[in-house]
Structures are given as C-alpha cells and as structure tokens.
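In what follows, a single structure is set out as structure tokens and then discussed.
The values are calculated or read from the model by the stated rules, or taken from the named source; none is laboratory data. Remember, it's a predicted structure, so these values are computed and weren't measured experimentally. Quick reminder, even Gly has a Cβ in these numbers, built from the backbone with ideal geometry, and neighbours come from all protein chains shown. Keep in mind that these areas ignore ligands, DNA and RNA; they rest on the heavy atoms of the full protein, side chains included. Shrake-Rupley method; radii C 1.70, N 1.55, O 1.52, S 1.80 Å.
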Number of protein chains: 2
Amino acid sequence: MNTTANLVEQKIVLNNSVSVDCVIFGFDFMQLNVLLVDRVMYDEKSGKELFNDLTLTGNHIFEEEDLDEAAARILFDLTGLKNIYLEQFYTFGSPTRINRENDKAWLAANGRDPNHRIITIGYYSLLDTDKVTLEWKGRNVRWVPVSDVTELAFDHMEILQKALQALRKKLTREPIGFELLPPKFTLSQMQRLYEVILGVTLDKRNFRKKVSRMKYLVPLDEKQKGVAHKPARLYVFDRDIYETTKTELLDFAI
Amino acid sequence: MNTTANLVEQKIVLNNSVSVDCVIFGFDFMQLNVLLVDRVMYDEKSGKELFNDLTLTGNHIFEEEDLDEAAARILFDLTGLKNIYLEQFYTFGSPTRINRENDKAWLAANGRDPNHRIITIGYYSLLDTDKVTLEWKGRNVRWVPVSDVTELAFDHMEILQKALQALRKKLTREPIGFELLPPKFTLSQMQRLYEVILGVTLDKRNFRKKVSRMKYLVPLDEKQKGVAHKPARLYVFDRDIYETTKTELLDFAI
DNA sequence: ATGCTTAGTGTTTAAATTACACTTTATTAA
DNA sequence: TTAATAAAGTGTAATTTAAACACTAAGCAT
C-alpha cells in the first residue's frame, strides 16, 4: 500500500519563524541602487566594533496583517513612504540559511536562537531614489549601487540577486520601470533605466521608435530645466491608458 | 524623529504555522489536469457524511528540510514520483485565508486551531498524467481537468488560479511544456498543449515553422503507433542542446 | 560668438509574423 | 481490395517588426 518516502526520522516543524524582507530598489538616473542598513555589533566590554555589515531590511509579521501589508509596513518604517510598488518574488527557507559566525553572533546578541530556521518571504519595491529622506528613524540607512554590492549579511546577497533577476524578468514584460522614475521624465532617462537594469546598451533611435508605440507614454508640452544642454521633452506614464490597452504589451528583451 | 506607522496596537507573531502546498498539473494530450484529493468529513455519532470537498495537497516542513525538498516530498507522497519539475510560485499568508465553515470544522476535527493563520508556500509541478499511479497510499486522489474545477476547500481555488497564471507566464518564455509530455511526442500533441494551457488556437503551419527553429527539439526516425490515421513523427526535447543554446529562447505569446 | 553636451530625427535591409488549402499516409470498415 | 476516414505534413506572399547606422538642433557656459 505504501513505500515510505523518508525512512530517516524527521521532525515535522509545526511552527516556524517567519519574516518578510524588502529589497528596496531606487534609480537616480545613473545607477540602480538598493537601500541597505548597517548592522554594527560592538564588544560588550570594550565597546570596540566587532563587525559592521550591510543587510536588507526585514521584520516579523503582525497578527492581523497580510503579507503584503507587512512588506508595506517595513517599507514605511524604513522610508516613511506609502503606496509604493511592491512585488513578492520568492520565499527563502533553507535550514542552513544562517551559517556565518557574524550572523549567529548577531542573532544571539538580539535574543534569538541562531540555530532556528527563519523562513523569509522576499518582496522587492521600486521607487525614485530622491523620494527617500534618509536617516529616517535615526537608522543608518544608505543607497548603494547594486553593482557595488558584493557582500551582505545572512543570505541577503542571494536574496538581492533573486530580486534583481525577478525585476529584470518583469521589466522586460511589463511597464514597471516608471515606478523607478519621477512622475515626469525624459526618454533618455527611461532608456538609461532599461540599459542599467537589463545590462544592455540600446540604440537611441530604435528605442524611441519602440516606445513611441506605447500609447500610455504621454509627451508633455514641457521641457527639462536647469541642464547645461538642449533640454529634453518630458513624458508621463498614464496608468489609465495602460490599464485599458493592456493587450499591446511591449517587450524590452534584447 | 519618527512618525509611527501603526498607531493600532498589533502583536508581532514570532512563530507561524507554515506549510508547502503543491499544485500538480498533468497533461493527457487533451486537457490540462490538476491532481486533487478528497476531503471527506463524517459526523462523529451518525457516521453520516457531512461534506466532501476537493483540496490541493500540502504538508508541514521537516526540521532539516529545504522548502524545495518539502515540496518534492509532498509530491512523492502523493504520486510516488521523484525528480519531477517543481516551481515555487507564490506564498499565501492572509490572516483571513481560512474563513469557511467546512474548513474550520475540518481543521478543528484534525486537532488544529482554525483561527491560527497558516502561511503556505505554493509550488506547482508538471508531469505527464500517465506517470501517476493513482490510489497511491489508498488516498482518494484524482485528476480533474482544470477547466472543470470551480470550487476547492480553503483558498485552494485562489492558489490554483495563481499557479495557472504563473505556469502560463513561464510557458510563454521557457520550454517547460516538455515536462508535461512523455519523452517522445508529436508536434500536434505539443501544439495542443500550448493551445490548452494558453487558451489560444494556433495555426499548424506557423507553429511548426516556429518550433523548427528550436534546435533542442529533435526529430526521431520513429513514428507514432496504434493510431487510426497517418502516424506522426516523434520528437524529443534535448535538454543538453537547450542548456548550451539558451540564448535563442522562443516566445509563444500570441 | 564659440564650444560643449545632450536631444532629436529616417532609411534601408533582414527577420519574423500572419493568413491561408491541399496532398499524403496509415487504419478501418465495407 | 477498395473506399472512407482522420490526422499529418507542407509553401508562399504580404505585412510587421527589428537592427544597423550619423547627422543636425537647442540651450547653456565660457
């Protein structure tokens, strides 16, 4: 009737530690950045700095809270912003997620069992870098260009990479790039955004030809100001037009 | 320094019930099917059947188990199959996920607190319907055409729909359809698969022209047997060729 | 007035997509 | 054996999209 799958004795875990982590992406017309938090640990006696790592930001979930709400709250706590684009992209739950000494020490120092597995639901959020007032809550928070991030605490490097992968995939299929731009932007800024995130170079004329077919990209009778060169025309992303003409999605895949 | 996000007192939950649910898709050359389990509940005294619903299949996670491993175990327990295509697609965690009477009664009868939120990590798996020996473990398990499923226990209908959505998206970008076909298949079977899952009709000649560009789709010197008409040529999906020529992905979006 | 810097524009060629209908081949039934 | 059946398999023309490529225009700084 039954050949058993797992002959090894295994304990079923009925309750797990669960958290929501946010990968907060911002674009500043030059680079794609990610918002990182300093995790500093000091020696109890000497007060000397033991290590200083960077982490993504995450938190546990409130009792009455949906996962999306938890992610939005974490984002708000860190940036003071609401109604920001958020997308759940992956859930991480390897039992060996936390295996580095710094991470274990930090958890222990914060009253948590470093050997207890934490399951983390990953969200990424997109916003214009300028929107964030840093030093919110006195936390040491900063924008780091994604291409400069080489090491993060816990398995956050893996989470960041997976987020980036999900973002790239989505960006080639849906018009979410506008979430990273201010309400009014130029086509060159938009092109730069695609180039930076997808890691490609695009031909200016072909790019403009392509986006000129997107009806939801509306040109304004308004130009860029304060630039030391020919000012560019400004555009807005019209969500209503997009919602009603969704069929004609455009593909930015190269 | 800080305007508080949540003025309402909320309790942070440090430990959540977590499970992994599998949406098991199978294709039988005609329809896309999903493997469902009967959830029958009897009255304790009279023994009369109180309700008989269908559910997806899920389970808790072992202590030393990665999420993917838990999904694979659940799939194995239900089907007796290993090394099956599995894809994590979404995590569900609304605090009001369980709100129907049947669901609460069933949880209570199984020694679980019906008011305790369960966070569920959703996976979908793809396999050839014929691979499954039903009645494995004596469970009442059956294939149901996806288009016939209108109601499921818990929020499993929502989970199924999200899985289907994820499958469609992936199918238009990556050659995962082969996971639903036997090793040798005909082009008509393959076309039917795309038509059924994506809900479109495709032109036979154009379809063949398109797939003839996929080098990883290898024609055999072998024909279909036991059909009452001209037998079709058989093809195989060559994973090695695919892995080495990944760049030229083809798009089945209409 | 000149130089600097980015904005903005068109054409040609190649490739992909779409629409569309008849012949072939094995099996089955007469 | 012959005819009916049922799906397999094949090509072309018209349209659309993609790719490659270089100069002029506009505003600011000096």
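Evaluated with a Cβ-only charge set (Lys, Arg +1; Asp, Glu -1), chain B carries a dipole of roughly 1220 debye about its Cα centre, given to the nearest 20.
Placing unit charges on each Cβ (+1 for Lys and Arg, -1 for Asp and Glu) gives region B:17-171 a dipole about its Cα centre, and among B:Tyr90, B:Leu126, B:Ser147 the Cα reaching farthest toward its positive end belongs to B:Ser147. Counting Cβ atoms of other protein chains within 10 Å of each residue's Cβ and taking the mean over peptide A:121-129 gives 1. Karplus-derived 3J(HN,Hα) values for region A:228-238, using 6.51 cos²θ - 1.76 cosθ + 1.60 with θ = phi - 60°, are 8, 6, 3, x, 8, 5, 9, 10, 10, 8, 9 Hz; glycine and proline are entered as x. The C-alpha atoms of chain B occupy a region whose extents along the principal axes are 65, 64, 36 Å, arranged from largest to smallest. Most tightly packed first, judged by the mean number of other beta-carbon atoms within 10 Å of their residues, the peptides B:209-215, B:118-124 read B:118-124, B:209-215. For region B:45-115, the share of accessible area belonging to carbon and sulfur comes to 43 percent (1.4 Å probe, ligands and nucleic acids excluded). Counting Cβ atoms of other protein chains within 10 Å of each residue's Cβ and taking the mean over peptide B:165-174 gives 1.
Partners of B:Lys230 within straight-line reach, counting aspartates and glutamates whose Cα lies under 18 Å from its Cα and excluding those fewer than 8 residues away in the same chain: B:Asp221, B:Glu222. Shortest first, A:Val218 label-point distances to identical copies amount to 5.5 nm, with the label point at 7 Å from Cα along Cα→Cβ. Taken one residue at a time, the phi angles of region B:21-31 give Karplus couplings (6.51, -1.76, 1.60, θ = phi - 60°) of 10, 10, 9, 9, 9, x, 10, 10, 6, 10, 10 Hz. Gly and Pro are set to x. For the protein assembly as shown, a/c is not less than 1.5, where a ≥ b ≥ c are the root eigenvalues of the C-alpha gyration tensor, and a/b does not top b/c. That puts it in the oblate class.
Would you mind checking region A:212-236 for residues with the amide N under 16 Å from a putative spin-label position 7 Å along Cα→C-beta of A:Thr245? Of the residues in region A:212-236, A:212-220, A:235-236 have backbone N under 16 Å from the label point off A:Thr245. Label positions at B:Ser147 and B:Asn115, each projected 7 Å from the Cα along the C-beta direction, are separated by 4.4 nm. Extending 7 Å from Cα along the Cβ direction at A:Arg233 and again at A:Arg168 yields two label points whose distance is 3.2 nm. Our coupling estimate for region B:51-65, obtained by passing each phi through the Karplus curve with A = 6.51, B = -1.76, C = 1.60 and θ = phi - 60°, is 7, 9, 10, 10, 9, 6, 10, x, 6, 6, 10, 6, 4, 9, 9 Hz, Gly and Pro reported as x.
Candidates B:Ile74, B:Asn52, B:Gly26 compared by Cα position along the dipole of region B:1-151: farthest toward the positive end lies B:Asn52, with charges placed on Cβ. Considering only protein heavy atoms and a probe of 1.4 Å, how much of the accessible area of region B:177-244 is carbon and sulfur, as a whole percent? For region B:177-244, the apolar C and S fraction of the accessible surface comes to 50 percent.
Interface A-B: total buried accessible area of about 4100 Å², 1.4 Å probe, protein heavy atoms only.
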